[in-house]
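A.B. asks: One structure, pasted below without further comment.
The values are calculated or read from the model by the stated rules, or taken from the named source; none is laboratory data. Just so it is clear, the structure is predicted and the values come from calculations on it, not from any experiment. For neighbour counting, all protein chains shown are included, and Cβ atoms are generated from backbone atoms with ideal geometry for every residue, glycine included.
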Amino acid sequence: MKTTKLLAMLLVVGLGATACSGETEPETPTEGTSGVDTDAARDYFEDYENSADMDGAAGATAPVAVDSSESGAEPTPMPPPPPPEPGEDNTFTDVGETVWVSAQESPLSTFALDVDTGSYRVAHGMAAEGLAPEPDSIRVEEWVNSFEYADSAPEGNALGLQVETGAAPRAEEGTALVRVGISSLEIADEDRPQANITFVIDTSGSMDIRERLGLVKSSLALLAESLNPDDTIAIVIYGDDASPVLEPTKVSDRDTIMGAIDDLQAGGSTNMEAGLRLGYQQARDAHVEDGINVVILASDGVANVGMTEGDTLAEEIAGAGEEGIHLVTVGFGMGNYNDTLMEQLANQGDGFYAYVDTFEEAEQLFVEDLTQTLTVVARDAKSQVEFDPEFVESYRLIGYQNRALEDDEFRDDTVDAGEIGAGHRVSALYELVPTDAVSDGTEVGEARLRWADPDTAETIEINAPITWSQDEASETLRVAALVADSAELLKGNSIVSERGFTLGDLREEAEALAGSDVAGIEELRDLLDEDLQAPVTDEDRD
């Protein structure tokens, strides 16, 4: 495999050299939407994918069996066990249902903001294999936050707050849907600070299942193509133990970086603890004052050597955010995948969690999204909504179950909350049941947003009124409602399940919105296929 790649690289170099001598012109490199050459990066994924197709379970060491019927017989190699199917041996944690809350008894709703999108991308990874999302894998806010709702960038602050209200499309008559939209300022690539990025890459044997490591290599190459020349990349790998394979290297030294990517191979156990410890040490050693200091963990979430529990590993990294080092976790590969660990680590590491299952998703994350959002513009960002019991009988926050805060923690600036990067967009949805006293235009509550400036530690708080409306939902509210209803119906939320609509009904709504050119709706429509098979669970096996 390594020889094949080397020959392929030499061929590319040879074609480039002959272009000037009048021989056949090489093909023009493929460019992504940001003008980045993606051909070399795509080769890693496609070469690995082809190799996996030919070799079956790549990288597995065949056990040896001895035929005892003949004395002195040669050991007979046994075929390696097949890798887990995409729907097998995955680890998810159910965050529970959203419930109705009496505004009279509890008028305040408080939570830390969340910019993760991993749950939604995991669902697409399952659907690509013909599987419906596993209910425990669904965190509704991560589905909602995978879409954009045309919220304008803030003026004068790092974060902006916008609120819209309308009739909830599929809820009981008279129920309102409120979307609290939060936007962060955008920073042009040429204006962002220097980045010090340390990749911590899982190169254990499980990363050799199908094309996982090939996609990781593609992701690294894509990022190297899209960063600025004075940014630095370092690479730490871990299997049985951890080791540095690339010291912090300027992106301008592309050959050295690509050489390190070429040499990545899978094998061994999974000592994630050692990998993270060494990765953070590398990030500290190369720390850029007033710059972006990030550790990116690329893994399938498996940890079977050293510390292996999510809570323990998360405690190890929780303090690094105070040093200005943030953790981004990027998951790869269904089948023996630990979503719970990857999400927990990102939460504790003051970063965010994403999942990549195709080259196109890698391109979107590592070329389009990541370089801007790595610049943290708001620390410990929290939201609080207060409803007026005179006008609101009950409400429910859709999602954010594992981000809930105590109400008095909203203005407690020692409480750790969410970090928001430049260009991030976050939404929170509420359903409201009114009292008889409400009328159109009545102010029924207030949305508040509080965060700390990452440079000065100054605390900023802004607010916006929530007004009652039963107008037909705007297009953005329709999209938000469709995404949330899809997630909750697939999860099996009892409130939504009792409303009587089906996946087919939601698919029809997706078709209608797709005609309006709403970005991402066609992808969502694919998740609403009633022919998708339920994944095998541990209970099914028992």
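A.B. asks: Based on what the data block shows, is Leu276 more than 29 Å from Thr91 (Cα to Cα) and either without any contact (Cβ under 8 Å) to a residue 12 or more places away in the chain or surrounded by 22 or more Cβ atoms within 10 Å (Cβ to Cβ) (or both)?
C.D. replies: Answer is no for this residue.
A.B. asks: Whether any residue in segment 212-221 is of a type in the set (S, T, N, Q) and either on the phi > 0 side of the Ramachandran plot or crowded, with 23+ Cβ neighbours inside 10 Å (or both) is what I want to check.
C.D. replies: There is at least one residue in segment 212-221 that is of a type in the set (S, T, N, Q) and either on the phi > 0 side of the Ramachandran plot or crowded, with 23+ Cβ neighbours inside 10 Å (or both).
A.B. asks: Need the failing condition index for Pro465 against (1) within 30 Å of Asp94 (Cα to Cα); (2) assigned to a strand (DSSP E or B), just the number.
C.D. replies: The single condition Pro465 does not satisfy is (1).
A.B. asks: What are the residues in segment 109-138 that are more than 13 Å from the chain's Cα centre (by Cα), part of a helix (DSSP H, G or I) and modelled with pLDDT under 95, if any?
C.D. replies: Within segment 109-138, Met126, Ala127 meet the criteria.
The rows are residues; the columns are (1) outside the structural domain of Ala132 (by TED's automatic domain parsing); (2) part of a strand (DSSP E or B); (3) of a type in the set (S, T, N, Q); (4) over 22 Å from Leu528 (Cβ atoms).
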{"position": "Ala457", "(1), (2), (3), (4)": "no, no, no, yes"}
{"position": "Ser469", "(1), (2), (3), (4)": "no, no, yes, yes"}
{"position": "Thr476", "(1), (2), (3), (4)": "no, no, yes, no"}
{"position": "Val479", "(1), (2), (3), (4)": "no, no, no, no"}
{"position": "Val483", "(1), (2), (3), (4)": "no, no, no, no"}
{"position": "Arg499", "(1), (2), (3), (4)": "no, no, no, no"}
{"position": "Asp505", "(1), (2), (3), (4)": "no, no, no, no"}
{"position": "Glu508", "(1), (2), (3), (4)": "no, no, no, no"}
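A.B. asks: Shifting gears a bit: Of the numbered conditions (1) touching a Lys or Arg at 6+ places or on another chain (Cβ under 9 Å); (2) assigned to a helix (DSSP H, G or I); (3) modelled with pLDDT of 95 or more, Arg525 satisfies every one except a single condition; which is it?
C.D. replies: (3)
A.B. asks: Looking at (1) touching a Pro at 6+ places or on another chain (Cβ under 8 Å); (2) crowded, with 17+ Cβ neighbours inside 10 Å, which is the one condition that is false for Asp114?
C.D. replies: (1)
A.B. asks: Another one. Taking the residues in segment 167-182 that are out of contact with any strand residue (DSSP E or B) (no Cβ under 7 Å at 6 or more places or on another chain) and surrounded by fewer than 17 Cβ atoms within 10 Å (Cβ to Cβ) as candidates, determine which candidate is farthest from Tyr395 (Cα to Cα).
C.D. replies: Step by step, filter segment 167-182, then rank; the result is Glu173.
A.B. asks: I would also like to ask the following. Kindly indicate whether any position in segment 183-190 is of a type in the set (A, V, I, L, M, F, W, C), surrounded by 23 or more Cβ atoms within 10 Å (Cβ to Cβ) and touching an Asp or Glu at 6+ places or on another chain (Cβ under 9 Å).
C.D. replies: Within segment 183-190, not a single residue is of a type in the set (A, V, I, L, M, F, W, C), surrounded by 23 or more Cβ atoms within 10 Å (Cβ to Cβ) and touching an Asp or Glu at 6+ places or on another chain (Cβ under 9 Å).
A.B. asks: Please go through segment 202-260 and pick out each residue that is farther than 21 Å from Phe45 by Cα and hydroxyl-bearing (Ser, Thr, Tyr).
C.D. replies: Selection gives Thr232, Ser243, Thr249, Ser252.
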